[in-house]
Amino acid sequence: MSILLGALIIIPAAGGATGFWDTITGWATSSTTSLAININNAPQVIYVRATTPTVTITEDSTTAANFTLLVRDLDGVGEIDNSTVFLRVNLTGETDRMNYTCVGNGTVDANTLSYNCQVFMWFFDSYGNWTINASAKDTSSVYGENLSVQFEVYSTTAMQMGPVNLTWPALELGTSNRTSNADPIILNNTGNKDIAIGGVSVRAHNLQGVSTGTEFIDVRNFTISARNGTSGCTGDQCFECNGTVMLNQSSQPIFNANISAGNRTLNDLFNVTNGPQETLFFCIRTVPESGTISRQTYATNSTHTAPWIISVS
C-alpha cells in the first residue's frame, strides 16, 4: 500500500490573509443563537364580596366581618403566593382593619383560587361605606389589587353608665347648693355614633317621702352639669349648682354634655375632653324649709315617683 503525500505551500500576499485562506480553513463569518422571553402575567383579584353587605357593630365589643375573594393568575394557580393574599378595609379618618392571613377556600379552575378573609370591626369604628382593598402577589412578587367594592357599617347609638344609685349626705332643711356624694355618674359611649351637645338628657321625677308619701321634693330644686369646676368646690362655686334645671317627668338636655365615639378603655376619667366618656355632676340647689316638708328619706322608688332616666341620642 502506498500513500501519496502532497505538499501545499501558501505564500500570503502583502497586507494579511487572503480570501483563499478563509476558504481553505472554513472559518465562519456569522452565527445564530436561541432567545426566549417569559412574559409574566400579574395576579388579578377578580371578585370581592362581603358575606354580609352591611354590618351592625356589637356594643362595647367587636364584630366579625367576612369576605370572599377570587385571585386569578393566567400562568396557573401555582404562581399565586398564598402567603401574600391580604385584605384591608378602610374609611377616611378611621383606623384600618386588616387580615394578613386570608384562608384558601379551594381551586375554582386552573388559573383561579378562592379565599375567605375575616376582619374584626370595633364598636367605635365609624358608620359609613368602608372600602375593601383585596390584594395578592405571585411567586415573582408581582402585585395585583381590587379597590372596587365597599360595604356599609350601620350607625349604632349605645351607652353604659355607672354608678346607678345617686345619693346625698344627710341634709338640713333650708340648706342650699349641696352636691351629691355619689357622683360623678360616668357615661361611656359604647356605640359608633358621636353624641353631640344636646344629645345627653335626663328625665327626672319628684322625690317622694318614704315615710310620709304625701310629701315631695320638687325636681326643679336639682341641677346637673357635665363639669364640676374643681374636686373641692363648694356651694355655688360648683358648676353643677349652676347647671341644667330639672323638670318633673320631662327630659332635659344637659347643655354642656357630649360623648364622642372612641375607645373608652384608653380614656383618663379626669382628663375628659371630647372623648368617649362623659361625667355628670348633681346638685340640690335648695332643700325645702321646715314646715314645707318633714324630716325623712326622699327617694324615687315609691308609688308616685320613678327612677331618673339618663338617655343619649
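Since every read-out is calculated from the coordinates, none of them should be taken as a lab result. Source: prediction; values computed, not measured. Cβ placement follows ideal geometry from the backbone for every residue including glycine, while neighbour counts extend to all protein chains displayed.
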What is the spin-label model distance, in nm, from V164 to V108 if the labels are put 7 Å beyond Cα along the C-beta direction?
5.0
About its Cα centre, how strong a charge dipole does the chain have in debye, to the nearest 20, once Lys and Arg get +1 and Asp and Glu get -1 at the Cβ?
520
Tell me the chymotrypsin sites (Phe, Trp or Tyr not before Pro) within region 142-195 that lie in a loop according to DSSP and have at most 14 other beta-carbon atoms within 10 Å.
Y154
Please report the relative contact order for the chain, taking Cα pairs under 8 Å with a sequence separation of at least 6, and give it as a percent rounded to a whole number.
16
If the viscosity is 1.306 mPa s and the temperature 10 °C, what Stokes-Einstein diffusion coefficient in µm²/s follows for region 44-153 when Rh is the Kirkwood radius over Cα pairs?
112
Dividing the mean separation of Cα pairs under 8 Å (6+ apart) by the residue count of region 159-312 yields a relative contact order in percent of 36
Output the Kirkwood hydrodynamic radius of region 96-243, Cα pairs only, in Å rounded to one decimal.
21.4
With N set to the residue count of the chain, report its C-alpha Rg divided by 2.2 N^0.38 Å to two decimal places.
2.07
Stokes-Einstein D in µm²/s, Kirkwood radius over Cα pairs - region 159-312 at 25 °C with 0.890 mPa s viscosity
153
Once you have the Kirkwood Rh of region 132-185 from its Cα pairs, apply Stokes-Einstein at 37 °C and 0.692 mPa s and quote D in µm²/s.
185
